[in-house]
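Enquirer: Please read through the structure below; I'll follow up with questions.
The values are calculated or read from the model by the stated rules, or taken from the named source; none is laboratory data. Since the model is a prediction, treat every value here as computed from it, not as a measurement. Positions of Cβ are generated from backbone atoms using ideal geometry, with glycine treated the same way; all protein chains shown enter the neighbour counts. Note: accessible area is taken over every heavy atom of the protein model, side chains too, but ligands, DNA and RNA are not part of it. Shrake-Rupley method; radii C 1.70, N 1.55, O 1.52, S 1.80 Å.
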Amino acid sequence: QVQLVESGGGLVQAGGSLRLSCAASGSIFSFNVMGWYRQSPGNQRALVADITSGGSTNYANSVKGRFTISRDNAKNTVYLQMNSLKAEDTAVYYCALRMRGHIYWGQGTQVTVSS
């Protein structure tokens, strides 16, 4: 069993910053990919950013230069630093862990950016 617990969402004004955290627990293999997806009403869930256990990162074009993903392998925790937030960043943000052909999801955390 793998569990993902997210924290850090909330309400922020446009131009502000938020930091999301996600801690994974359970049977976690050393090679994995952790990341963040988001979903807003009427849209499909989409990748925001992910990072391998080796530190390689991947970002959606819409967040490049504004968001930074990082991880602490010792704590099985992934972070998403979100700066220069825009109204269009408003969504439910989901943490995800991919390993050995499986994907595990967190419960989601709401991020609302007011304009």
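Yes or no, residue by residue, for (1) charged (D, E, K, R); (2) under 17 Å from residue 104 (Cβ atoms); (3) touching a Phe, Trp or Tyr at 6+ places or on another chain (Cβ under 6 Å); (4) open to solvent by 30 Å² or more (accessible area, probe 1.4 Å):
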| site | (1), (2), (3), (4) |
| --- | --- |
| 5 | no, yes, no, yes |
| 9 | no, no, no, yes |
| 17 | no, no, no, yes |
| 33 | no, yes, no, no |
| 47 | no, yes, yes, yes |
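Enquirer: Small (Gly, Ala, Ser) and free of Cβ contacts under 8 Å to residues at least 12 places away in the same chain, is that true of residue 87?
Expert: no
Enquirer: Right, something else. Please enumerate the residues belonging to segment 88-103 that are assigned to a helix (DSSP H, G or I) and open to solvent by less than 40 Å² (accessible area, probe 1.4 Å).
Expert: Within segment 88-103, just 89 meets the criteria.
Enquirer: How do the strands (runs of 3 or more DSSP E) wholly within segment 18-73 filter down when requiring 3 or more residues that are among the aliphatic types (A, V, I, L, M) and modelled with pLDDT of 95 or more: which remain?
Expert: Correct list: 18-26, 46-52.
Enquirer: Further question on the same structure: Would you check which residues across segment 93-115 are more than 20 Å from residue 51 (Cβ to Cβ) and modelled with pLDDT of 95 or more and list them?
Expert: Answer for segment 93-115, where residues must be more than 20 Å from residue 51 (Cβ to Cβ) and modelled with pLDDT of 95 or more: 107, 110, 112, 113, 114.
Enquirer: Output yes when any residue across segment 105-114 is crowded, with 18+ Cβ neighbours inside 10 Å and among the aromatic types (Phe, Trp, Tyr), and no when none is.
Expert: No: zero hits.
Each row is one residue, and each column tells you yes or no for (1) closer than 15 Å to residue 18 by Cα; (2) of a type in the set (A, V, I, L, M).
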{"site": "66", "(1), (2)": "yes, no"}
{"site": "80", "(1), (2)": "yes, yes"}
{"site": "83", "(1), (2)": "yes, no"}
{"site": "89", "(1), (2)": "yes, no"}
{"site": "93", "(1), (2)": "yes, no"}
{"site": "105", "(1), (2)": "no, no"}
{"site": "110", "(1), (2)": "yes, no"}
